[in-house]
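Accompanying notes for the structure given below.
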Amino acid sequence: MNNIKNNLLKSDETLDDLQIKNIKIIQKSNGFRFGMDAVLLANFAKVKKGMRVMDLCSGTGIIPFILAGKTEAEKIFAIEIQEDMVEMGNRSITYNNLENKINIIKGDIKNVKMLKNFDKFDIVTVNPPYKLKNSGLFESR
């Protein structure tokens with residue numbers, strides 16, 4: 001790994017090989033890591049050549065990275081509310097040179113005004129967090 005790519009990885013993170021076109025994703029060593037549900041969802045989505053995709057509740061962007069490796073989507077957008085996840089996802093984009101393919105932004109999917117600023121999409125995926133009521137990061141606002 002060259003110095004630029006090496007600087008993208010922090011000491012408490014891992015660089016995990018997705019086994020798809022040499023794409024790797026940065027994740028915390030301890031804490032949230034993508035699961036089989038996200039892999040299944042990405043493989044369930046029927047993305048055809050030239051399609052525009054939006055992934056909601058994206059975390060570090062596992063679904064966009066799988067789709068970028070397995071499909072010919074034109075562009076894949078992702079929205080995630082947690083700044084640290086967005087930041088890791090964006091470092092993974094840089095690591096994999098996918099700036100022209102994937103765009104992860106920080107945002108709340110409940111913000112209708114923000115969502116209306118996007119163009120239309122051919123496919124929308126979402127793998128929301130599942131927790132008991134009032135047990136998540138943003139307990140009753």
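Taken together, the values in this text are just the output of simple stated rules run on the coordinates, not laboratory data. Keep in mind it's a predicted model, so treat the numbers as computed, not measured. Cβ sites come from the backbone with ideal geometry, for glycine too, and all protein chains shown count toward neighbours.
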Once the other residues with Cβ under 10 Å from the Cβ of F77 are scored (Lys, Arg +1; Asp, Glu -1), what is the net sum? 0
For the stretch 120-126, in residue order, the Karplus 3J(HN,Hα) values (coefficients 6.51, -1.76, 1.60; θ = phi - 60°; whole Hz; Gly and Pro = x) are 6, 10, 7, 9, 10, 10, 8
Based on the Cβ-Cβ distance of N22 and F118, what FRET efficiency does E = 1/(1 + (r/R0)^6) give at R0 = 30 Å, to the nearest 0.05? 0.50
Rounded to whole Hz and in sequence order, give me ³J(HN,Hα) for the stretch 14-31 from the Karplus expression 6.51 cos²θ - 1.76 cosθ + 1.60, θ = phi - 60°, writing x for Gly and Pro. 10, 10, 9, 7, 7, 6, 9, 6, 6, 7, 10, 10, 8, 9, 5, 5, 10, x
Listed by chain and number, the residues whose amide H is under 5 Å from that of I23, excluding neighbours fewer than 5 places away on the same chain and using placed H, are L18
Taking amide hydrogens as modeled 1.01 Å from N in the peptide plane, which residues meet the under 5 Å criterion relative to T125, leaving out close sequence neighbours? M54, D55, L56
Can you list the equivalent-ellipsoid semi-axes of the stretch 21-98, largest first and in whole Å, using the square root of 5 times each Cα gyration tensor eigenvalue? 19, 13, 12
How large is the convex hull of the Cα atoms of the chain per residue, expressed in Å³ as a whole number? 118 Å³
Long-range amide H partners of G107 with built H, under 5 Å: E80, I81
